[in-house]
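Asker: Provided herewith is a single structure, encoded as structure tokens, for subsequent inquiry.
The values are calculated or read from the model by the stated rules, or taken from the named source; none is laboratory data. This is a predicted model, so every value here is computed, not measured. Cβ placement follows ideal geometry from the backbone for every residue including glycine, while neighbour counts extend to all protein chains displayed. These area figures cover heavy atoms from the full protein model, side chains too; ligands, DNA and RNA do not enter into them. Shrake-Rupley method; radii C 1.70, N 1.55, O 1.52, S 1.80 Å.
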Amino acid sequence: MTEKHKLELEIKNQPPPKPKDAAEEEKSSLGGYTVKINNYGWDQSDKFIKIYISLNGVQKLPAENVQVNFTERSFDLLVKNLNGKNYTMTFNNLLKPISVEGSSRKIKTDMVLVMCRKKREEKWECLTQVEKESKEKEKAAYDTSDPSEGLMNLLKKMYAEGDDEMKRTINKAWVESREKQSKGDIPMDI
């Protein structure tokens with residue numbers, strides 16, 4: 001009798017079972033794995049920065065499965081349960097502040113459009129602070145008072161980042177140039 005009483009108390013204290021549909025829906029929205037989105041396009045108007053993310057079939061999802069959280073200098077996108085996968089994209093450190101209240105997202109055919117409302121109507125030269133710093137650093141490497149130094153920096157970068165074929169081509173051009181200089185075909189002060 002005491003065993004029976006213990007079991008009855010245990011059963012009463014357990015949470016009620018979820019209906020099968022709700023349990024399956026929760027599992028499917030969290031199931032699968034998460035894919036980080038790296039490909040996007042962006043554009044701007046006077047008032048908005050627009051980020052275009054292509055995702056096949058996204059228009060078939062319920063609107064609540066596409067969530068965007070905005071802060072003053074960032075946003076993150078989460079698309080739940082699209083073809084059994086979750087998709088995520090995060091932009092931190094936007095170049096300039098955005099209005100959280102004025103920003104939104106739109107679901108289009110095979111695309112999500114994230115619209116970040118600018119706090120000030122001005123042109124952005126790039127999307128993030130990191131991208132701006134990278135461009136400035138690269139530009140500084142080629143902006144020199146001596147034009148041949150800028151060309152050498154460009155060749156060094158091409159050689160460092162190039163594949164084996166690129167390195168062979170640069171080496172061949174360099175050797176041929178040196179041979180012509182030593183024969184006297186090319187003046188040394190070019």
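Asker: What's the ranking of 121-131, 173-183, 93-103, 79-89 by average number of surrounding C-beta atoms within 10 Å, highest first? Intermediate results must be reported in sequence, preceding the final value.
Answerer: Values: 121-131: 12.9, 173-183: 10.9, 93-103: 15.5, 79-89: 17.0.
Averaged packing, sorted descending, gives the order 79-89, 93-103, 121-131, 173-183.
Asker: I need the calculated FRET efficiency for the pair residue 180 and residue 124, taking r as the beta carbon distance and R₀ as 45 Å, to the nearest 0.05.
Answerer: Values: r = 47 Å, r/R0 = 1.05.
FRET efficiency, residue 180 to residue 124: 0.45.
Asker: Where in segment 32-65 are there chymotrypsin sites (Phe, Trp or Tyr not before Pro) that are in a DSSP coil and have at most 13 other Cβ atoms within 10 angstrom of their Cβ?
Answerer: Working: sites: 33, 40, 42, 48, 52; in loops: 33, 40.
Those that pass, being in a loop and sparsely packed, are 33.
Asker: If the limit is 22 Å between Cα atoms, which of 85/106; 36/118; 36/80 go over it? Could the numbers behind the result be given before it?
Answerer: Details: 85/106 20 Å; 36/118 25 Å; 36/80 12 Å.
With Cα atoms farther than 22 Å apart: 36/118.
Asker: What is the percent carbon and sulfur in the accessible area of segment 37-172, measuring with a 1.4 Å probe over the protein chains and ignoring ligands? Write down the numbers at each step before the final one.
Answerer: Details: 4020 of 8440 Å².
Roughly 48 percent of what the probe reaches on segment 37-172 is carbon or sulfur.
Asker: Please state, rounded to one decimal and in Å, the Kirkwood hydrodynamic radius that segment 50-190 gives when every pair of distinct Cα atoms enters the mean of 1/r. The partial results should precede the final answer.
Answerer: Numbers: mean 1/r = 0.0513 Å⁻¹.
By the Kirkwood definition, the hydrodynamic radius is 19.5 Å.
Asker: So how far, in whole Å, is the C-alpha centre of segment 156-182 from the one of segment 100-126?
Answerer: 45 Å
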